[in-house]
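Following: one structure in structure tokens, then a few remarks.
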Ligand code: HEC
Ligand code: HEC
């Protein structure tokens, strides 16, 4: 190979490494973004006396009690624009 051709090969190799690195960091960034996104937005189950007893119950068991207070007639009604509320603890995490 002439010196020129060798240079071309070197440049190609270097570009491949750069592209792979870019692709990898995009992927890692996306995964971190997805892992972080949900938890930051939705309020967690409060760590107070009212909610303490729900921390250790199985989720479905605990969710039966939420509506006692978080219903339109309860002491702490949900906001009007609350999303579908089928499984409270899927969105309002306990940790
Ligand atoms: C699909 C996800 C989801 C489910 C299921 C869900 N919630 Fe929510 N909840 C939210 C979001 C989003 C908000 C808006 C506030 C926020 O950003 O955290 C909210 C807000 C609330 C608030 C208070 C908001 C305020 O203004 O202080 C309460 C209390 C609440 N939810 C209770 C419940 C209860 C009880 C259930 C089950 C009957 C339930 N949620 C089910 C997502 C959910
Ligand atoms: C005995 C009544 C009662 C029950 C049962 C109850 N809550 Fe609450 N909840 C309250 C009250 C009162 C508040 C507001 C004061 C506070 O943060 O404790 C509240 C606040 C909340 C908040 C936070 C709202 C905010 O703005 O930070 C969430 C989320 C929530 N409850 C979810 C639940 C879920 C899920 C359940 C069922 C596992 C549940 N609650 C059961 C009375 C109750």
Item to complete: Taking the options 89, 78, name whichever one is within 12 Å of ligand 2 (Cβ to nearest atom) and in a loop (DSSP other than H, G, I, E, B).
Response: 78
Discussion item. Would you confirm, using the coordinates I've provided, whether residue 28 is at pLDDT below 90 and either away from ligand 2 (no atom under 16 Å from the Cβ) or surrounded by fewer than 10 Cβ atoms within 10 Å (Cβ to Cβ) (or both)?
Written reply: no
Discussion item. Let me confirm something: among 53, 44, which residue is surrounded by 10 or more Cβ atoms within 10 Å (Cβ to Cβ), closer than 13 Å to residue 91 by Cα and out of contact with any strand residue (DSSP E or B) (no Cβ under 6 Å at 6 or more places or on another chain)?
Written reply: 44
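The values are calculated or read from the model by the stated rules, or taken from the named source; none is laboratory data. It should be emphasised that the depicted structure is a prediction, and the values quoted were computed from it without experimental measurement. Heads up, the Cβs are rebuilt from the backbone with ideal geometry, glycines too, and the neighbour counts pull from every protein chain shown.
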